[in-house]
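Read the structure below first, then the notes.
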Amino acid sequence: MNHETPAVVADGLRKTYGRTHALDGFDLTVPAGSVCGLLGPNGAGKTTAVRALATLLRFDGGHARVAGYDVTRDPERVRAAIGLTGQYAAVDETLSGRQNLVLFGRLRHLPVRVARRRADELLDQFGLADAADRSAGTYSGGMRRRLDLAASLITRPRVLFLDEPTTGLDPRSRNGLWDAVRSLVAEGTTVLLTTQYLEEADQLADRISVVDAGRVVAEGTSAELKARSGADRIELVVRDAGHLPAAARVVERVAGAPVTLDREIRQLSAPVTDRITALADILRALRDAEVPVEDVVLRRPTLDEAFLHLTGHRAAGARERAEVAA
Amino acid sequence: MTAGRLGWAITDGWVMTGRNMRHVIRSPEEIVLYFSLPIMFVLVFGYVFGSGMAVPGDGSYREFLLPGVFVMTMLYGLGATASQIAVDAGRGVVDRFRSLPMARSALLTGRAGADVLRALLELSVLVVCGLLVGWRWRDGLGDALLAVGLILLLRVALTWVGILLGLLVPNPDTVSVIVFPLAFPLTALSNVFVAPELLPDWLGAVAAWNPLSATVAAARELFGNPGIGGDSWAAQHALLLAVGWPVLLIAVVAPLAVRRYQRLSR
Ligand SMILES: Nc1ncnc2c1ncn2[C@@H]1O[C@H](COP(=O)(O)OP(=O)(O)OP(=O)(O)O)[C@@H](O)[C@H]1O
Ligand SMILES: [Mg+2]
């Protein structure tokens, strides 16, 4: 595959389940050799998109090409070129970890001896050597997940699909997986991963596509998405809570935008357009008004905020955190 | 289909057969359960009811019964086939199989392969069991092996019926409930326990044309066991039907099963 041909192209994919539009004109282009993150809330259509691209799902409309082959017309070539780790572990629970990997290797048409050797390497790499001969049904969730990942890497795939690959992994395994993905990418594999963790998308993905209600609503690098999703903010901490109303009046007047207050931590924040000028003006106005300021920061929006801005609702992870905070 | 594809379809089916046999090895208690039913049939029908049963012409009822029990065991194996396919189809691992560049048919042919291997095991146990209660083959080893071949051919056909059934009712619990009421009348309306000519006319006709009866009659003929013959065309051409019925079943059911599998959860 030459490097001008994108590794994944989805063009107006549609899939309906009854009255649910799981995919509703889903467009995506992933350049060869890059990592694309699909970011979206529960039910956005990430899994449906991955399953459609990995030939597991017949879609109702649109076209898709993976590794240069048409998904509908040439599914066997696509399957030979891809690796898939789905959202739910797809291993044989009755067989041992080793038997699983040898089986999948043989079904990829490796000779028995090669399949065995590859299985051993992967068991080592994913820290499963000790449990290699136990049936996979006895594995913990994280171990099963790792076995599932190993199964998608038996032969180096040209395009690797990872659907929420790190859900249920402890931090060490997660870092291990990220390393594995990075080294695959260094060897030329294209990765399409879905995630609800903004941090993961931020860490791994060259470009992020934000998915909502079955379509891509925003696309770009994480910096671009952050920049596009609204203004920078100024955050001020005043010396005591009694000063908050006065400070709020001043900031609102100078910044010309509504102010958010947090009494607990004596903080107020407001969006600003011209960062440095706004900072200077606000601080001067506060000194004139004799409001003592303890701390001040200017910051770009987080990906969480970007998400909120782009989809009109919070990301699942952020929602949970907000609920915990409340 | 090119030769290469057919070659891979066979290889993949064989690999999947190995996978299914490993499942069997990991749960040997299931095998014990399988053998206990046919052995019980031999004992109950051979000894308890057998004394009151008649065989057309001469001969021992037990010797008449054994080929019937062989075939009946093949029929009941269909339940296991169906429920295991249903279990498989509901497992996450099917997604993995679907995403691999393997032959689409391999999950099914691998099931069929493993079940026929297991049937061979079951038959061996039954043959030993039969020899112990006085059953013999009387027309030489060649004919006896031919009879075994016909019985296994029927099993292959029934395996595909089981696979289709398992895919149509993709819930292992439902499957096991459905199979018995389907299988029981088939054995009752056959020549397994009673020779058709001893049945009322119309029942006898149904029993004579029953695919199970064809294989049973052919096996009796080849083993040299009593109870063969009869006036109907079907009874006269048992060997032909014992090949024809299974081949017809496979030709009709196997493609349906493969198509059903490909449409599943897409
Ligand atoms: N087999 C199905 N039958 C009916 N509806 C389905 C099916 N699969 C998906 N859906 C619906 O399609 C929509 C998209 O689902 P999908 O699993 O792709 O979301 P997702 O982005 O992967 O969500 P999550 O983050 O929870 O994994 C949801 O509304 C879901 O309920
Ligand atoms: Mg999902």
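Values as computed for the structure displayed
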quantity	calculated
Which listed residue, of A:Asp120, A:Asp133, A:Asp92, is assigned by TED's automatic domain parsing to the domain that holds A:Ala32 and outside any loop (DSSP other than H, G, I, E, B)	A:Asp120
Residue pairs meeting the criteria (Cβ under 6 Å; at least 6 apart or on separate chains; first β-branched (Val, Ile, Thr), in segment A:144-165; second part of a loop (DSSP other than H, G, I, E, B))	A:Ile154/A:Arg108; A:Thr155/A:Arg108; A:Val159/A:Ala7; A:Val159/A:Ala67
Search result, residues across segment A:52-84 that are assigned to a helix (DSSP H, G or I) and among the basic types (Lys, Arg)	A:Arg77, A:Arg79
Selection status of A:Ala49, small (Gly, Ala, Ser), open to solvent by less than 20 Å² (accessible area, probe 1.4 Å) and within 16 Å of ligand 2 (Cβ to nearest atom)	yes
Sole residue being touching an Asp or Glu at 6+ places or on another chain (Cβ under 6 Å), open to solvent by 20 Å² or more (accessible area, probe 1.4 Å) and away from ligand 2 (no atom under 16 Å from the Cβ), chosen from A:Val185, A:Val254	A:Val254
Selection status of A:Thr20, without any contact (Cβ under 8 Å) to a residue 40 or more places away in the chain, within 16 Å of ligand 2 (Cβ to nearest atom) and either open to solvent by 10 Å² or more (accessible area, probe 1.4 Å) or β-branched (Val, Ile, Thr) (or both)	yes
Any hit, segment A:109-116, residues being in a helix (DSSP H, G or I) and either crowded, with 18+ Cβ neighbours inside 10 Å or within 16 Å of ligand 1 (Cβ to nearest atom) (or both)	yes
All positions within segment B:85-117 that are more than 14 Å from every other protein chain (Cβ to nearest Cβ), open to solvent by less than 10 Å² (accessible area, probe 1.4 Å) and not hydrophobic (A, V, I, L, M, F, W, C)	B:Asp115
Filter result (of a type in the set (A, V, I, L, M, F, W, C) and at the interface with chain B (Cβ under 9 Å from one of its Cβ atoms)) within segment A:64-111	A:Val78, A:Ala80, A:Ala81, A:Ile82, A:Leu84, A:Ala89, A:Ala90, A:Val91, A:Leu95, A:Leu103, A:Phe104, A:Leu107
Selection within segment A:154-168 - away from chain B (no Cβ under 12 Å) and within 16 Å of ligand 1 (Cβ to nearest atom)	A:Leu162, A:Glu164, A:Pro165, A:Thr166, A:Thr167, A:Gly168
Complete set of residues in segment A:25-59 that are near ligand 1 (Cβ under 10 Å from one of its atoms) and out of contact with any helix residue (DSSP H, G or I) (no Cβ under 7 Å at 6 or more places or on another chain)	A:Gly43, A:Ala44, A:Gly45, A:Lys46, A:Thr47, A:Thr48, A:Ala49, A:Val50, A:Arg51, A:Ala52
Test result for A:Arg58, charged (D, E, K, R), open to solvent by 40 Å² or more (accessible area, probe 1.4 Å) and within 8 Å of chain B (Cβ to nearest Cβ)	yes
Strands (runs of 3 or more DSSP E) enclosed by segment A:157-217 - at least 3 residues per element that are outside the structural domain of A:Gln87 (by TED's automatic domain parsing) and closer than 29 Å to A:Tyr17 by Cα	none
The one condition in (1) open to solvent by less than 10 Å² (accessible area, probe 1.4 Å); (2) closer than 25 Å to A:Arg145 by Cα that A:Gln87 fails to fulfil	(1)
Which listed residue is within 16 Å of ligand 2 (Cβ to nearest atom) and within 27 Å of A:Ser222 (Cα to Cα), from A:Gly25, A:Gly40, A:Gly12	A:Gly40
Filter pass, A:Arg284 being open to solvent by 10 Å² or more (accessible area, probe 1.4 Å), of a type outside the set (A, V, I, L, M, F, W, C) and within 16 Å of ligand 2 (Cβ to nearest atom)	no
Residue check for B:Gln262: surrounded by fewer than 20 Cβ atoms within 10 Å (Cβ to Cβ) and in contact (Cβ under 8 Å) with a residue 12 or more places away in the chain	yes
Residues of segment B:201-221 that turn out to be more than 16 Å from B:Ala183 (Cα to Cα), open to solvent by less than 70 Å² (accessible area, probe 1.4 Å) and modelled with pLDDT under 85, as a count	4
Number of positions in segment A:209-229 that are touching a strand residue (DSSP E or B) at 6+ places or on another chain (Cβ under 6 Å), farther than 14 Å from A:Glu305 by Cβ and either of a type in the set (A, V, I, L, M, F, W, C) or buried (at least 20 other Cβ atoms within 10 Å of the Cβ) (or both)	6
Residue match in segment A:263-275 (condition: at pLDDT below 90, in contact with a Leu (Cβ under 6 Å, 6 or more places away or on another chain), within 16 Å of ligand 1 (Cβ to nearest atom) and more than 14 Å from every other protein chain (Cβ to nearest Cβ))	no
Among residues of segment A:246-295, those that are at positive phi and in contact with a helix residue (DSSP H, G or I) (Cβ under 8 Å, 6 or more places away or on another chain), counted	1
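The values are calculated or read from the model by the stated rules, or taken from the named source; none is laboratory data. What you see is a predicted model, and the numbers here were worked out from it, not measured in a lab. All Cβ positions, glycine included, derive from the backbone under ideal geometry; neighbour counts span all protein chains shown. These area figures cover heavy atoms from the full protein model, side chains too; ligands, DNA and RNA do not enter into them. Shrake-Rupley method; radii C 1.70, N 1.55, O 1.52, S 1.80 Å.
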